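Written below as structure tokens is the structure these notes are about.
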Amino acid sequence: MKYISILGASGSIGTQTLDVIRAHPDEFRLAAASVGKNIEAARRLIAEFSPSLVAVADRDAYEVLYREYRGRTTIVYGEEGLIEAAVCPQADVVVTAVVGSVGLVPTLKAIEAGKAIALANKETLVVAGHLVMAAAKRRGVPLLPVDSEHSAIFQCLQGERMEHVDKLILTASGGSFRDKTRRELAHVTVEEALCHPNWSMGAKITIDSATMMNKGFEVIEAHWLFGLPYERIEVVLHRESIIHSLVQFRDTSVLAQLGTPDMRVPIQYALAYPKRLPLPSAKPLDFISLGALHFAPVDFDRYRCLRLAYEAGKRGGSLPTVLNAANEEAVAAFLAGRIPFLAIEEWIERALERHRPVSDPQLEDIREIDADARAYVRSLLS
């Protein structure tokens, strides 16, 4: 039996993680969870799974739940509450499914506490990959990728040696606007951007998919997870999202992991590793019906956010922190209807150009750089 803590249990990854736990009651139990401000999600969690601890975002939500569940479930709130969920003594595995850089400190605390990490929070490695990987190595803690692309690479590498790897190939659907020209992108709406052709995801990550910043973050993640330079990490467009990623070896052999687009598959693989459990709710591939798969090169002029991510990753230091902070603020402004779609990449580029890089930022440096980049991007609104 593995006990699971989910940071972000009310989001897309979190709710699908609950599906996996629900499907395997003899394998997994929910020990703790965070749900942001979603009081109703907390009530449902407590009723069904009886976790020992639930974290909420603010004191108002805390007071409501504390009155209802005092003596039954520990209710905590704020950043400290999120950390308490991350280091819950009962938990064996922590699923980091919160969105944004808010996941960094709880992830580091969970690593320090010796928890296995099922990593779904891209921003943690983007913002501070050097700190996270060093901490995991020091504590001997496994980082098990939940992103479908990194899970695919991880699966392809089972039984292989990294010195035999030539390059990693991440696949990308192209997002909501893959068939639009840049001229057409100038006038797209929030509603159009939130209609992803293949995956069901939260709003922020769906916009990141449309700009391809999501794929840029995944490139930076792959660099840290698998220890390869950026020159050996490639992105190809693959409309169907059936091949989730590939590994090319130095003898030119290529291994790929395939499956229907269903995030419960990589989530379950991370939770059950090294076992493979059945997942009856997942739909097996039907190759006859599928017929054909399509691939195309990435146009870095069309997808400027992906180019910016490669550049920030290669230069390293504090630039990926700025990349993430500026992206979070710009995406939030777009979702609020305050800026056009193409302004997202423009604001990120301006924030990167303005920043004076720090070569080896520590946690306090990262906090300050993050806050400064956010303040700058918000200032552009006025």
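The values are calculated or read from the model by the stated rules, or taken from the named source; none is laboratory data. Treat the numbers as computed from the prediction; the structure is a model and nothing was measured. No Cβ is skipped: glycine too gets one built from the backbone with ideal geometry, and neighbour counts run over all protein chains shown. Surface accessibility is based on the protein's heavy atoms, side chains included, excluding ligands, DNA and RNA. Shrake-Rupley method; radii C 1.70, N 1.55, O 1.52, S 1.80 Å.
Picking from residues in segment 305-323 that are open to solvent by 20 Å² or more (accessible area, probe 1.4 Å) and of a type outside the set (D, E, K, R), the one that is farthest from residue 363 (Cα to Cα) is 310. Residues of segment 164-181 include none that is open to solvent by less than 20 Å² (accessible area, probe 1.4 Å), among the aliphatic types (A, V, I, L, M) and in a helix (DSSP H, G or I). Are any of the residues in segment 200-209 part of a loop (DSSP other than H, G, I, E, B), hydrophobic (A, V, I, L, M, F, W, C) and either touching a residue at least 60 places away in the same chain (Cβ under 8 Å) or buried (at least 21 other Cβ atoms within 10 Å of the Cβ) (or both)? For segment 200-209, residues part of a loop (DSSP other than H, G, I, E, B), hydrophobic (A, V, I, L, M, F, W, C) and either touching a residue at least 60 places away in the same chain (Cβ under 8 Å) or buried (at least 21 other Cβ atoms within 10 Å of the Cβ) (or both): present. Yes or no: residue 86 crowded, with 22+ Cβ neighbours inside 10 Å, touching a residue at least 12 places away in the same chain (Cβ under 8 Å) and in contact with a Lys or Arg (Cβ under 8 Å, 6 or more places away or on another chain)? Considered against the rule, which asks whether it is crowded, with 22+ Cβ neighbours inside 10 Å, touching a residue at least 12 places away in the same chain (Cβ under 8 Å) and in contact with a Lys or Arg (Cβ under 8 Å, 6 or more places away or on another chain), residue 86 comes out as yes. Of all the residues that make up segment 321-337, how many are farther than 17 Å from residue 205 by Cβ and modelled with pLDDT of 95 or more? So the answer is 2. Pairs linking a residue in segment 328-351 that is touching a residue at least 60 places away in the same chain (Cβ under 8 Å) and farther than 22 Å from residue 122 by Cβ to a residue that is open to solvent by less than 20 Å² (accessible area, probe 1.4 Å) and of a type in the set (A, V, I, L, M), with Cβ atoms under 7 Å and 6 or more positions apart or on different chains, are 342/185.
Within segment 22-35, being outside any strand (DSSP E or B) and either at pLDDT below 95 or crowded, with 24+ Cβ neighbours inside 10 Å (or both) holds for one residue alone: 35. A Cβ distance below 7 Å, combined with a sequence gap of six or more or placement on separate chains, defines the contacts here; from segment 111-139, residues that are over 19 Å from residue 13 (Cα atoms) reach residues that are surrounded by fewer than 24 Cβ atoms within 10 Å (Cβ to Cβ) and of a type in the set (Gly, Ala, Ser) in the pairs 111/135; 111/136; 112/135; 127/101; 139/114.
Taking segment 355-372, which residues are over 24 Å from the mean Cα position of the chain (by Cα) and surrounded by 13 or more Cβ atoms within 10 Å (Cβ to Cβ)? If the condition is that a residue be over 24 Å from the mean Cα position of the chain (by Cα) and surrounded by 13 or more Cβ atoms within 10 Å (Cβ to Cβ), then 355, 357, 358 are the ones that fit. If you check 64, 98, 56 for being under 21 Å from the mean Cα position of the chain (by Cα) and open to solvent by 10 Å² or more (accessible area, probe 1.4 Å), only one passes: 98. Reported count of residues in segment 314-331, each being under 16 Å from residue 211 (Cβ atoms) and of a type in the set (Gly, Ala, Ser), is 3. Residue-level analysis places residue 188 among those that are touching a residue at least 24 places away in the same chain (Cβ under 8 Å), open to solvent by 10 Å² or more (accessible area, probe 1.4 Å) and closer than 17 Å to residue 345 by Cβ.
Suppose the filter is exposed (fewer than 14 other Cβ atoms within 10 Å of the Cβ) and not assigned by the TED database to the domain that holds residue 230; does residue 375 pass it? For residue 375, the condition - exposed (fewer than 14 other Cβ atoms within 10 Å of the Cβ) and not assigned by the TED database to the domain that holds residue 230 - is met. Across segment 276-296, the number of residues qualifying as assigned to a loop (DSSP other than H, G, I, E, B) and either in contact with a helix residue (DSSP H, G or I) (Cβ under 8 Å, 6 or more places away or on another chain) or without any contact (Cβ under 8 Å) to a residue 24 or more places away in the chain (or both) comes to 11. Residues in segment 216-256 that are surrounded by fewer than 22 Cβ atoms within 10 Å (Cβ to Cβ) and in a strand (DSSP E or B): 233, 234, 236, 237, 243, 248, 249, 254, 255, 256. Taking the stated definitions as given, is residue 131 closer than 21 Å to residue 57 by Cα and surrounded by fewer than 24 Cβ atoms within 10 Å (Cβ to Cβ)? So residue 131 does not fit the description; no.
For segment 257-267, filtering for residues that are open to solvent by 60 Å² or more (accessible area, probe 1.4 Å) and not in a strand (DSSP E or B) leaves 0. Among the residues of segment 81-114, those that are touching a strand residue (DSSP E or B) at 6+ places or on another chain (Cβ under 9 Å) and more than 30 Å from residue 213 (Cβ to Cβ) comprise 84, 87, 88, 89, 90, 91, 92, 113.
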